[in-house]
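Chemist: I have a structure here, written as structure tokens, and I will follow up with some questions on it.
The values are calculated or read from the model by the stated rules, or taken from the named source; none is laboratory data. Here the structure is a predicted model, which is why all the values come from computation and not from measurement. Cβ atoms come from the backbone with ideal geometry, glycine included; neighbour counts cover every protein chain shown. These area figures cover heavy atoms from the full protein model, side chains too; ligands, DNA and RNA do not enter into them. Shrake-Rupley method; radii C 1.70, N 1.55, O 1.52, S 1.80 Å.
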Amino acid sequence: MLGHARAMLNDRRASNGELRYLGERLTEALCDVLRIAQSRGAAGLPGRELRADRPGRGGGG
């Protein structure tokens, strides 16, 4: 995913829609990483803010 993101960011022809889609997928991936880290007991990680941004994850919005 990182390779694809780098390539797209370096491509001046990438549309706003493509960049937005990329941003959404990267955000989802980061949320997954955070969730895994929290489940493994990593301390001091922010969680509520990111979980609230994901549909069906509770929180406000």
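Chemist: Restricting to the range 15-29, name every residue that is over 13 Å from A5 (Cα atoms) and either of a type in the set (A, V, I, L, M) or in contact (Cβ under 8 Å) with a residue 24 or more places away in the chain (or both).
Modeler: E28
Chemist: Of all the residues that make up the range 1-31, how many are of a type in the set (D, E, K, R) and assigned to a helix (DSSP H, G or I)?
Modeler: Here the count works out to 6.
Chemist: For the range 13-23, does any single residue satisfy the condition of being touching a helix residue (DSSP H, G or I) at 6+ places or on another chain (Cβ under 6 Å) and modelled with pLDDT of 90 or more?
Modeler: Looking through the range 13-23, at least one residue is touching a helix residue (DSSP H, G or I) at 6+ places or on another chain (Cβ under 6 Å) and modelled with pLDDT of 90 or more.
Chemist: Take the residues of the range 30-47 that are in contact with a Leu (Cβ under 7 Å, 6 or more places away or on another chain) and either modelled with pLDDT under 90 or over 18 Å from L2 (Cβ atoms) (or both): which is least open to solvent (accessible area, probe 1.4 Å)?
Modeler: So, considering only residues that are in contact with a Leu (Cβ under 7 Å, 6 or more places away or on another chain) and either modelled with pLDDT under 90 or over 18 Å from L2 (Cβ atoms) (or both), the one least open to solvent (accessible area, probe 1.4 Å) is G47.
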